[in-house]
Amino acid sequence: MSALRFDLFPIAILLMLSASIEVVARVLLRRRFETRRAKWALRAGTFSIAVVILAFEMIARSRTPAGGGPWRAVVSVERSAVVALWVSAMGLALWHALLELVGRVRLARAARKTAEIEQPAESTAPSETAAEPSVAPEEPTRREALARAVNVGIVASTSAYVGYGLLKGRRDFRVREEVFHLPKLPRALEGYTIVQLTDLHYGIYTGIEDMRPMIERALSLRPDLIVLTGDLIDRHVRHIPDAMRSISALHARDGVFSILGNHDYYTGFDKVLAGVARTHIRSLVNEHLVIRPGDQGGFTLAGVDDYWAPRVVRGRDPDVRLAFEGSSPDRAKVLLAHNPKVFHRAKTQADLQLSGHTHGGQINPGGVMGLALDYVSGVYRDGESTLFVSNGLGFTGPPVRLHAPPEIAKIILVR
């Protein structure tokens, strides 16, 4: 039942987005939808478009190879158009709410002025009152023309903005370097380098060719350790073999380690774990090991299950206590947790937590996603513990990134 609920979630989102067509159409083409019959025709058309989009989404999900093949461009345009419509609808709604507020304020002022003029009624001549409305017809026309221009401008600028994020979203990946101080780190490991890759989302938008330049860039950093912090697969088991072939190219002096993300659960966590087990990469699920124990004791690396795992599979849970059970309190502790919310549990036990999941907000103008999420992107500190949240490399929903560039994280540990 939980898996079904999560499978229906994107469908519900698409229906909501498609419904925004009605808002945009009624604002831009208001006079065409003034009658009751026209309004119902618009609703029927909106529903039909939603059904077509959903049918297309289901077919695309069941047919596309990793990387999308011939479906990729069409799915990209469809999802980006839906996002543009949704954002346009919100922008139009805010604009017209502002217009209505301004209109009410003006009416209130006009009513007060009228009341003040009408008080000395004896001195007001009927001819003067009748002559006042002569200039009224021209002003609403100018106002309507301005409102229409703003309406079109909102839709056009939003579409261009989303289109820019579609074209630039994948190409502008960066290497983000962060230095973290761990007092318990042995002197022998000063400057230890970890490369973090997260949220690869192998699926319609991510295939072997898409990941190749990113993997080559990660290897060029010559890391001591590579960690994959969840969401290897976007949603479908048929993408697992390609994903495993791709990440098998990763190697580092002290190995490559992986944890599960929520999308790995939507795909089938057991199948993802089985795929990883066929490579040289080791999965960490509520467990730990010691990295370089011969170098003055090394440090502890632990990984936990996904934060949302209990919602999908009963009995699964990110157990931080179990992950560190038996570890030495004298060693520095680094925790891999896909969802940064685990930090609420881990901050008293881990010195450093590496997470992903948020995609840096993915579409995050003005840092607006910070209003909805406790942790979005970057470094957060609480007491002696530190959390780092990477933007990751892949997409969820539309292949659009704005103000949240995809990234490879280069983590340098120092004393």
**Fill in**
Scanning segment 393-415 residue by residue, those modelled with pLDDT of 95 or more and over 18 Å from the mean Cα position of the chain (by Cα) turn out to be LYS410, ILE411, ILE412, LEU413, VAL414
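Please specify each residue of segment 210-242 satisfying the condition of being among the charged types (D, E, K, R) and either in contact with a Leu (Cβ under 8 Å, 6 or more places away or on another chain) or farther than 22 Å from ASP264 by Cβ (or both).
First, pick out the residues of segment 210-242 that are among the charged types (D, E, K, R): 210, 212, 216-217, 222, 224, 231, 234-235, 238, 242.
Passing the criteria: GLU216, ARG217, ARG222, ASP224, ASP231.
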**Request:** State whether the residues of segment 302-318 include one that is farther than 27 Å from THR396 by Cα, surrounded by 24 or more Cβ atoms within 10 Å (Cβ to Cβ) and not aromatic (Phe, Trp, Tyr).
**Result:** no
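Using the structure shown, decide if ALA41 is hydrophobic (A, V, I, L, M, F, W, C), without any contact (Cβ under 8 Å) to a residue 24 or more places away in the chain and in the same structural domain as ILE154 (by TED's automatic domain parsing).
On the way: hydrophobic (A, V, I, L, M, F, W, C): yes; without any contact (Cβ under 8 Å) to a residue 24 or more places away in the chain: yes; in the same structural domain as ILE154 (by TED's automatic domain parsing): yes.
The answer is yes for ALA41.
Restricting to segment 351-366, name every residue that is in contact with a Ser or Thr (Cβ under 9 Å, 6 or more places away or on another chain) and not hydroxyl-bearing (Ser, Thr, Tyr). Explain how you work it out, then say what you get.
Of segment 351-366, the ones in contact with a Ser or Thr (Cβ under 9 Å, 6 or more places away or on another chain) are 351-362, 364.
Selection gives ASP351, LEU352, GLN353, LEU354, GLY356, HIS357, HIS359, GLY360, GLY361, GLN362, ASN364.
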**Item:** Of all residues in segment 61-86 being touching a Ser or Thr at 6+ places or on another chain (Cβ under 8 Å) and β-branched (Val, Ile, Thr), the one that is surrounded by the fewest Cβ atoms within 10 Å (Cβ to Cβ)
**Value:** VAL75
**Fill in**
Among strands (runs of 3 or more DSSP E) entirely within segment 366-415, at least 3 residues that are without any contact (Cβ under 8 Å) to a residue 12 or more places away in the chain, closer than 21 Å to ILE194 by Cβ and assigned by TED's automatic domain parsing to the domain that holds LEU301 occur in none
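Please specify each residue of segment 341-389 satisfying the condition of being of a type in the set (Ser, Thr, Tyr) and closer than 27 Å to VAL400 by Cα.
Selection gives SER355, THR358, TYR375, SER377, TYR380.
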**Message:** For ALA337, only one of the following conditions fails: (1) in contact (Cβ under 8 Å) with a residue 60 or more places away in the chain; (2) on the phi > 0 side of the Ramachandran plot. What is its number?
**Reply:** (2)
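If we scan segment 35-45, do we find a residue that is farther than 30 Å from ARG143 by Cβ, crowded, with 18+ Cβ neighbours inside 10 Å, of a type in the set (Gly, Ala, Ser) and under 32 Å from the mean Cα position of the chain (by Cα)? Walk me through how you get there before you give the answer.
Narrowing segment 35-45 to residues farther than 30 Å from ARG143 by Cβ: 44.
Still in the list and also crowded, with 18+ Cβ neighbours inside 10 Å: none.
Scanning segment 35-45 turns up no residue that is farther than 30 Å from ARG143 by Cβ, crowded, with 18+ Cβ neighbours inside 10 Å, of a type in the set (Gly, Ala, Ser) and under 32 Å from the mean Cα position of the chain (by Cα).
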**Complete:** Note on GLU384: of the conditions (1) in contact with a helix residue (DSSP H, G or I) (Cβ under 7 Å, 6 or more places away or on another chain); (2) modelled with pLDDT under 95, unmet is (1)
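The values are calculated or read from the model by the stated rules, or taken from the named source; none is laboratory data. Predicted model only: the values in this text are computed from it and were never measured. Methodologically, a virtual Cβ is constructed for each residue, glycine included, from the backbone with ideal geometry; neighbour enumeration extends over all protein chains shown.
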